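The values are calculated or read from the model by the stated rules, or taken from the named source; none is laboratory data. Everything quoted here is computed from the prediction, not taken from an experiment. Positions of Cβ are generated from backbone atoms using ideal geometry, with glycine treated the same way; all protein chains shown enter the neighbour counts.
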Amino acid sequence: MSSEDRVGEDSRNCIAVDLHDIQATILRHRPEPYFGTHVFLHINDAHGGREFLRRLAPHIGSAADWWKAGDAWIAVAISYPGLVALGVPGDSLRSFPEAFRAGMAARAEELHDYGANDPKNWERPFGSGQIHVQVSIVSPTEDKWHRTMETARQQYEGFSGVTVLLIQDFGAQPGSLNSLGYKDSIGQPAIEGSGVEPLPGQGRPIKAGEFILSYPGEAGVPLAMPQPDTLGRNGTYVGLRKYQSRVGAFNRFLRENGQNDEERELLAAKLVGRWRSGAPLTLAPAKDDAALGEDPHRNNDFTYANDPQGKQVPLGCHMRRMNPRDTKMPVLTDVNIHRLIRRSTTYGAPYDANTISELDDEGARGIYFLFISAKAMSTLEFLQQDWINDGTFMNLGSERDPLVGLQEERNTFTIPKEPVRRRIHDIETFNVLRGGEYLFMPSLSALKWLAGLNAEAAERPARHG
């Protein structure tokens, strides 16, 4: 059943957020298959940057009619240095959260980005303050991708107002699998008032204010937002993280800890909580079920009520860490306030199970994660500290997320089983952080406000911390 089929008049009439003012990426799921490009730009001067936004704004997709599949769209997000470069007044700049103003590289300690993930090891221009604008093009078909990319290119190519720093194509992977061979982007949160019908297993819709500024959140009140209201309303924040996948290390790990393909695939499923197809271990504990993995009405419809010890789905696997659902944890927390909209895009060569060379660990392939939330900075930093790079919340000691955790020497991964649990030693870091940015995704009306900042405001000295 298509997304359009499952959206009836009742749900459309319950829409409480301004879909026409919200950027499409916030609600539109990534298509499958998918094609696209991330373009990272530097603003050369305030007037030129504002003119670029004025040119680009009419082509930015809105979330209106999100259920109509088949369209390509353009999204735009701006860093704090980008807002400064645009000439945003000092009072407005100071109204943004401290973590956003500091930037992701400066928040390395809070994000546990050290060692291999330290910003000093990032690819430039990430973390340099030079990235001012990210433009993303997402399409369900190759021809629409090229046409939409050309539309975006016409707004910046040969235009003196901005300079292109980096262009990264993504997608076009067989089966839309990620760089380690898994179907991903399953299990997104449902947003109250968006008109998006919750899929089975999503639970109750989460308050819109957790994801979009100016609406009540789970606490019943809106979060503080940038000022003036025109700038903050219907906007959100994005945590962008570029990972390089060490495919050779991952495959060597599976081979060293599985005697045959069947055992290796089961181990791969235990690390994530799902088989490669996307079928969850809760519903397919013994073997993969591709039909289940492909069915959005079944592949997320489960709880952990009958698996409290993690004998089907390990407590420390990637999926259970990122969304514990009804798992009883020693550290009490409201799972719904830590949810993120995830928009992942895979770049580089497709996953190859026969890749085992150490040379392949340095290959240019991996994943761009875009984490979207009205409090993306605090949520991402919480997840990195407590759920990804620690195991205390699941009584797992120092164990870390096996997929995106930063592993230390002699780290382990525990698989509960009878009669004795299995502890796998020497798990490596399979995805190394190569860059990241905190970005603000303005509403469509805020983009027009930014593009229309007058010269007088731009010339005033901006005091910002």
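With respect to residue 211, is the statement that it is at pLDDT 95 or above and out of contact with any Cys (no Cβ under 8 Å at 6 or more places or on another chain) true? Yes: the conditions hold for residue 211. The single condition among (1) under 22 Å from the mean Cα position of the chain (by Cα); (2) in contact (Cβ under 8 Å) with a residue 24 or more places away in the chain that residue 360 does not meet is (1).
State whether one or more residues within the stretch 343-350 are out of contact with any Pro (no Cβ under 8 Å at 6 or more places or on another chain) and under 20 Å from residue 109 (Cα atoms). Break it down into steps so the answer makes sense when it comes.
Let us first name the residues in the stretch 343-350 that are out of contact with any Pro (no Cβ under 8 Å at 6 or more places or on another chain), namely 343-349.
Restricting the remaining residues to those that are under 20 Å from residue 109 (Cα atoms) gives none.
Looking through the stretch 343-350, none of the residues is out of contact with any Pro (no Cβ under 8 Å at 6 or more places or on another chain) and under 20 Å from residue 109 (Cα atoms).
Residues in the stretch 365-396 that are among the hydroxyl-bearing types (Ser, Thr, Tyr) and under 22 Å from residue 345 (Cβ atoms): 368, 373, 379. The criterion of at least 3 residues that are surrounded by 16 or more Cβ atoms within 10 Å (Cβ to Cβ) is met, among helices (runs of 4 or more DSSP H) falling completely within the stretch 58-161, by 80-85, 98-102, 108-111, 142-156. Screening residue 369 with (1) within 15 Å of the chain's Cα centre (by Cα); (2) closer than 18 Å to residue 178 by Cβ; (3) hydrophobic (A, V, I, L, M, F, W, C); (4) outside any strand (DSSP E or B) gives one miss only, at (4).
Residues in the stretch 21-30: is at least one free of Cβ contacts under 8 Å to residues at least 40 places away in the same chain, buried (at least 19 other Cβ atoms within 10 Å of the Cβ), of a type outside the set (A, V, I, L, M) and out of contact with any Pro (no Cβ under 7 Å at 6 or more places or on another chain)?
The initial filter retains those residues of the stretch 21-30 that are free of Cβ contacts under 8 Å to residues at least 40 places away in the same chain, namely none.
Among the residues of the stretch 21-30, not one is free of Cβ contacts under 8 Å to residues at least 40 places away in the same chain, buried (at least 19 other Cβ atoms within 10 Å of the Cβ), of a type outside the set (A, V, I, L, M) and out of contact with any Pro (no Cβ under 7 Å at 6 or more places or on another chain), which makes the answer no.
Looking only at residues that are outside any strand (DSSP E or B) and among the polar types (S, T, N, Q) in the stretch 162-187, which one is farthest from residue 33 (Cα to Cα)?
Applying the first criterion (outside any strand (DSSP E or B)) to the stretch 162-187 yields 172-176, 178-182, 184-187.
Applying the additional criterion that residues be among the polar types (S, T, N, Q) yields 173, 176, 178-179, 185.
On the way: 173: 8, 176: 6, 178: 12, 179: 15, 185: 12 Å.
That would be 179.
Total residues in the stretch 218-253 satisfying the condition of being crowded, with 21+ Cβ neighbours inside 10 Å and touching a Lys or Arg at 6+ places or on another chain (Cβ under 8 Å): the figure is 7.
Suppose the filter is over 21 Å from the mean Cα position of the chain (by Cα) and of a type outside the set (Lys, Arg); does residue 209 pass it? Taking the combined requirement at face value, the residue does not satisfy it.
Does residue 406 count as buried (at least 18 other Cβ atoms within 10 Å of the Cβ) and either more than 20 Å from the chain's Cα centre (by Cα) or in a loop (DSSP other than H, G, I, E, B) (or both)? Yes: the conditions hold for residue 406.
Do you know which residues across the stretch 160-174 are under 25 Å from residue 142 (Cα atoms) and either aliphatic (A, V, I, L, M) or out of contact with any Pro (no Cβ under 8 Å at 6 or more places or on another chain) (or both)? So that I can check it myself, show each step before the final result.
At the first step, the residues of the stretch 160-174 found to be under 25 Å from residue 142 (Cα atoms) are 164-174.
Result: 164, 165, 166, 167, 168, 169, 170, 172.
When 355, 327, 346, 333 are checked against the criterion of being among the hydroxyl-bearing types (Ser, Thr, Tyr), in the same structural domain as residue 406 (by TED's automatic domain parsing) and at pLDDT 95 or above, a single residue qualifies: 346.
For every residue, the table says whether it meets (1) surrounded by 18 or more Cβ atoms within 10 Å (Cβ to Cβ); (2) farther than 19 Å from residue 121 by Cβ; (3) modelled with pLDDT of 95 or more; (4) hydrophobic (A, V, I, L, M, F, W, C).
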| residue | (1), (2), (3), (4) |
| --- | --- |
| 367 | yes, no, yes, yes |
| 398 | no, yes, no, no |
| 411 | yes, yes, no, no |
| 420 | no, yes, no, yes |
| 426 | no, yes, no, no |
| 434 | yes, no, yes, no |
| 438 | yes, no, yes, no |
| 441 | yes, yes, yes, yes |
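Kindly indicate whether residue 51 is surrounded by fewer than 17 Cβ atoms within 10 Å (Cβ to Cβ), assigned by TED's automatic domain parsing to the domain that holds residue 166, in a helix (DSSP H, G or I) and at pLDDT 95 or above. Answer is no for this residue.
Yes/no matrix, rows are residues, columns are (1) modelled with pLDDT of 95 or more; (2) more than 20 Å from the chain's Cα centre (by Cα); (3) not assigned by TED's automatic domain parsing to the domain that holds residue 27:
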{"residue": "227", "(1), (2), (3)": "yes, yes, no"}
{"residue": "232", "(1), (2), (3)": "yes, yes, no"}
{"residue": "273", "(1), (2), (3)": "yes, no, yes"}
{"residue": "315", "(1), (2), (3)": "yes, yes, yes"}
{"residue": "318", "(1), (2), (3)": "yes, no, yes"}
